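Scroll down for the structure; my scribbles are underneath it.
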Amino acid sequence: MTSQPGQPPAPGIKVATIAGVPVYIGRSWGLLALIIVALIGPQLQPDLGGRAYLVAIGYALLLLLAVMVHEGAHALGARSFGFPVHRVVADLWGGHTALDVSRSTPVRSATIAVVGPLSNLVLSAVGYGLAAVLDPGIAHGLAGLFGYLNLLLALFNLLPGLPLDGGQLVESLVWKLTGDRHKGRVAAGYCGMAVTLGVLYWFVGRPLLRGDQPSLFSIGWAFLICMFLWQGARSAIASGQVGGALSRVRVVDVMTPVAPVPYDAALTQLPTGVPPVVVDQSGTPVALVDAAALQAVPPQAAPHTSVSSVSRPQPPGWVLDLDPNAPVTELFAPLRDLGTGVVAIRQNGRLLGVVTVDAVNNSLS
């Protein structure tokens, strides 16, 4: 879950910032580009000579553009609903968008998922349109390839199983029908396993049944694609199962009861046996007592020392108005975003307790 994080390492080379979202080319994307150039270049060389490898590089860059637009569409879709987007990355496996949709709805999640493939369909139309008006040659071939690549990306990503966008649509549908996002995630994960078997059949089983021998290239790509899909599907199933289990852990199960103490009270008024939380004149929790500062106060000075002098102020947003019977997953995003490791729980204006990152992590273990 959660914890108070240092700055994560950059996932690659930062090439742009769009609407405040950093865009990276992952370190592994260079390997994909080399594979494309090594495979395509020799096939073009008999006709194009030395220009063949430049055209192959153009193929790789067109694929990069298609992936970036696809992931950028996901990012803009999430931003349009007000969800945080952390980064967009293109890598060996195509690309991914890191975003927080923990407070999403089935319809919004489906919308964010579908805009990626739709953007590729638009690019496909552009590519085929350019190919239709260009004279035969390198530019015509690149435009046609761009149309084909984007059509392929759109159709592949719409296959109904996680980790593909079509799997997100399956998850959203089951979520809408059952009211349980975790059940949707598990169902979409199993669909992803079925899709993986279908892809393996298409590339390997189907040629064998026809009596053809699939090429090593087809077998290699089928293996890589299926490995990616199978791992993503298994991860989705595990995530859904764990999320379903965690949804049965309640906030009250990890909450420590506290006693409110006015910030101008003397230290001698601090309660014993129950942790104190410092409140302002309106009763709003504003700080925690710093144990080290409290111990440093001489006993004879305690009656004349206010609680505020040994308090550690907390940031805005640390007080959550939340039903104590709500699932503990409701605390994940606030604890992560605040970065202080503690939140106060209040219901109907009454302070109930505090929850720490350690308590939540213990519930996970």
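The values are calculated or read from the model by the stated rules, or taken from the named source; none is laboratory data. All of these numbers come straight from a predicted model, not from anything done at the bench. Glycine also receives a Cβ, built like all others from the backbone with ideal geometry; neighbour counts cover every protein chain displayed. The protein model used for the area step is the full one, side chains on, heavy atoms only, and it has no ligands, DNA or RNA in it. Shrake-Rupley method; radii C 1.70, N 1.55, O 1.52, S 1.80 Å.
Looking only at residues that are open to solvent by 40 Å² or more (accessible area, probe 1.4 Å) and aromatic (Phe, Trp, Tyr) in region 123-154, which one is farthest from Thr178 (Cα to Cα)?
Tyr128
Looking only at region 314-335, how many residues end up being surrounded by fewer than 16 Cβ atoms within 10 Å (Cβ to Cβ) and among the polar types (S, T, N, Q)?
Final tally of qualifying residues: 1.
Please indicate, with yes or no, whether at least one residue in region 21-30 is at pLDDT below 85, out of contact with any strand residue (DSSP E or B) (no Cβ under 7 Å at 6 or more places or on another chain) and either charged (D, E, K, R) or within 28 Å of Gly144 (Cα to Cα) (or both).
Yes, region 21-30 contains at least one residue that is at pLDDT below 85, out of contact with any strand residue (DSSP E or B) (no Cβ under 7 Å at 6 or more places or on another chain) and either charged (D, E, K, R) or within 28 Å of Gly144 (Cα to Cα) (or both).
Mind checking which pairs have a first residue in region 74-102 that is within 17 Å of Pro117 (Cβ to Cβ) and modelled with pLDDT of 90 or more and a second that is of a type outside the set (Gly, Ala, Ser) and not in a strand (DSSP E or B), Cβ under 7 Å, 6 or more apart or different chains?
Every condition considered, the pairs that remain are His74/Ile112; His74/Val115; Gly77/Thr111; Gly77/Ile112; Gly77/Val115; Ala78/Val101; Ala78/Ile112.
Suppose we filter region 226-265 for residues that are open to solvent by less than 40 Å² (accessible area, probe 1.4 Å), assigned to a helix (DSSP H, G or I) and free of Cβ contacts under 8 Å to residues at least 60 places away in the same chain; how many remain?
Residues in region 226-265 being open to solvent by less than 40 Å² (accessible area, probe 1.4 Å), assigned to a helix (DSSP H, G or I) and free of Cβ contacts under 8 Å to residues at least 60 places away in the same chain: 3 in total.
All but one of (1) open to solvent by 20 Å² or more (accessible area, probe 1.4 Å); (2) part of a helix (DSSP H, G or I) hold for Asn120; state the number of the condition that does not hold.
Checking Asn120 against (1) open to solvent by 20 Å² or more (accessible area, probe 1.4 Å); (2) part of a helix (DSSP H, G or I), the one that fails is (1).
Mind counting the residues in region 205-224 that are assigned to a helix (DSSP H, G or I), at pLDDT 85 or above and open to solvent by 30 Å² or more (accessible area, probe 1.4 Å)?
Adding up the residues that qualify gives 4.
Name, by its number, the condition in (1) at pLDDT below 80; (2) over 15 Å from Gly141 (Cα atoms); (3) not polar (S, T, N, Q) that does not hold for Val15.
For Val15, the failing item is (1).
With the structure loaded, tell me whether Arg206 is over 26 Å from Val343 (Cβ atoms) and not hydrophobic (A, V, I, L, M, F, W, C) or whether it fails that test.
Yes, satisfied.
Evaluate region 190-203: report whether one residue or more is in contact with a Ser or Thr (Cβ under 7 Å, 6 or more places away or on another chain), farther than 30 Å from Asp358 by Cα, modelled with pLDDT under 90 and part of a helix (DSSP H, G or I).
Within region 190-203 (the criterion being in contact with a Ser or Thr (Cβ under 7 Å, 6 or more places away or on another chain), farther than 30 Å from Asp358 by Cα, modelled with pLDDT under 90 and part of a helix (DSSP H, G or I)), the answer is yes, since at least one residue qualifies.
Could you identify the single residue in Val307, Val355, Val278 that is at pLDDT 90 or above, within 25 Å of the chain's Cα centre (by Cα) and surrounded by 15 or more Cβ atoms within 10 Å (Cβ to Cβ)?
Val355
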